[in-house]
Amino acid sequence: MDGTGADPDMLPREILSGVYVCAEAADVARTAARWFVDWAWQSIAKDGNCNVALSGGSTPRELYGLLATPEFRAQVDWPRVHLFWGDERAVPPESPESNYGMARRELLLRVPIPPSNVHRMEAEDPNIGRAAHNYEATLRQFLPLDDRGFPRFHLILLGLGHDGHAASLFPGSKLLRETSRWVSTPTVPKLGSRRMTLTLPVLEAARRALFLVAGAEKASILREVLCEHPDPPLPAQLVKPREGERLFLVDEAAAGQLSASQSQPIPKGKS
Ligand code: 6PG
């Protein structure tokens, strides 16, 4: 064990700048939980609160479950944490598809976070455009702005889609050229269904963007994102915080097609 109580065998190794590999998906979640605790303390010490955008997906689910365990729950000053979402499906909270619903079951019901600190995207609203507008107003109310006037999260959690999407920014979407809106409501190309998502300028304004990626089925797209230069770039490649850092926390299976010799290190952002 080191001074943090972590088993050194479980510590991730940095194989490229900002890319950390853990043995298994469970270790990815555990490392992310440790980082979450540390970063929450840092943000609260500096700014008095910690504003986090959560993501959907399978790896975050494990992270949320861990944060709700007695070991981690007690290490976070939940009344000072505000939770938002990076994206949401157009379904009610009770739906198994709801990103909010998943976080509610795994985390929110099990930690002492005040309901007024939980800011879900109401993407099930039949007038989803109005709901997006309302979400922008919520962000305006709670978040400081960066020098370009975009809301600045302490942390944005992200997954990596099989096609390189991040949040609900999909390859080929004209939304990738968005320069002014904070929240948008794209249609998912393959499903024809709507989503609500933070836009690229908001992802770029984050102090930290953390991708959680696990499983051999992500190995090929992770290699493409980290080591190749498709034209146009994939959405996940475009998530580059301007005054912050982009981190990838991945398991061995997802990292299976990365090799240090092939890889082009990603320049670390300023933190
Ligand atoms: C979602 C997210 C999406 C997700 C990736 C990865 O709501 O599903 O928008 O961006 O993070 O598709 O998901 P997995 O971690 O489940 O593979």
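The values are calculated or read from the model by the stated rules, or taken from the named source; none is laboratory data. What you see is a predicted model, and the numbers here were worked out from it, not measured in a lab. Glycine gets a Cβ as well: all are built from the backbone with ideal geometry, and neighbour counts include every protein chain shown. Just the protein is used for accessible areas: all its heavy atoms, side chains included, with ligands, DNA and RNA removed. Shrake-Rupley method; radii C 1.70, N 1.55, O 1.52, S 1.80 Å.
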Cα lying deepest toward the dipole's positive end in the chain, options Ala209, Tyr64, Ala253, charges on Cβ: Ala209
Using θ = phi - 60° and the Karplus curve 6.51 cos²θ - 1.76 cosθ + 1.60, what whole-Hz ³J(HN,Hα) does each residue of region 144-157 get, with Gly and Pro shown as x? x, 9, 7, 5, 9, x, 9, x, 10, 6, 5, 8, 10, 8
For peptides 69-78, 36-45, sequence by mean Cβ density within 10 Å, most packed first: 36-45, 69-78
Max mean-square fluctuation residue, GNM over the chain, Cα-Cα springs under 10 Å, options Gly65, Gly56, Gly149: Gly149
Residue-normalised accessible area of the chain, given per residue in Å² at a 1.4 Å probe: 44 Å²
In order over region 161-177: 3J(HN,Hα) from phi, Karplus 6.51/-1.76/1.60, θ = phi - 60°, whole Hz, x for each Gly or Pro, gives x, 4, 9, x, 6, 9, 6, 10, 9, 9, x, x, 6, 5, 4, 5, 9
Global geometry of region 23-97, whether rounded, prolate or oblate, following the gyration tensor of its Cα atoms and the 1.5 cut on a/c: oblate
If you place +1 on the Cβ of every Lys and Arg and -1 on the Cβ of every Asp and Glu, how big does the dipole about the Cα centre of the chain come out, in debye to the nearest 20? 760 debye
Specify the inter-centroid distance of region 18-87 and region 133-205, based on alpha-carbon positions, in whole Å. 20 Å
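So for region 99-218, what are the equivalent ellipsoid semi-axes in whole Å, largest first, each being the square root of 5 times an eigenvalue of the Cα gyration tensor? Could the numbers behind the result be given before it?
On the way: eigenvalues 88, 75, 56 Å².
Semi-axes (√(5λ), whole Å): 21, 19, 17.
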Ignoring ligands, DNA and RNA, what percent of the 1.4 Å accessible area of the chain is carbon and sulfur? 50 percent
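When the helices in the chain are scored as -39500 (n - 2.57) per DSSP H run of 4 or longer and the sum is shared across all residues, what 222 nm value do you end up with, to the nearest 500 deg cm²/dmol? Walk me through the numbers on the way to the answer.
Values: 8 runs with 78 residues, N = 271.
Value at 222 nm, helices only: -8500 deg cm²/dmol.
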Taking every eigenvalue of the Cα gyration tensor of region 85-155, multiplying by 5 and rooting it, what semi-axes result, largest first, whole Å? 22, 17, 10
Determine, for each peptide in 182-188, 46-52, the mean count of other beta carbons within 10 angstrom over its residues, then list the peptides with the highest first. 182-188, 46-52
Between Phe211 and residues 5 or more places away or on another chain, the pairs with built amide H atoms under 5 Å apart involve Leu158, Leu247, Phe248, Leu249
Note, region 26-38: 3J(HN,Hα) by Karplus (6.51, -1.76, 1.60, θ = phi - 60°), whole Hz, Gly/Pro = x, goes 5, 6, 4, 5, 5, 5, 4, 5, 5, 4, 4, 4, 4
Under a GNM of the chain (C-alpha, springs under 10 Å), which listed residue has the highest mean-square fluctuation: Pro93, Pro233, Pro201? Pro233
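Quick check: from the Cα gyration tensor, does region 34-149 come out rounded (a/c under 1.5), prolate or oblate? Write out the running numbers ahead of the final one.
Numbers: a/c = 2.12, a/b = 1.18, b/c = 1.80.
Taking the square roots of the gyration eigenvalues as a ≥ b ≥ c, region 34-149 is oblate.
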Ignoring solvent entirely, what values of log10 I(q)/I(0) come out of the Debye formula for the chain at 0.07, 0.10, 0.13, 0.15 Å⁻¹ when each Cα is a single scatterer? -0.22, -0.47, -0.83, -1.14
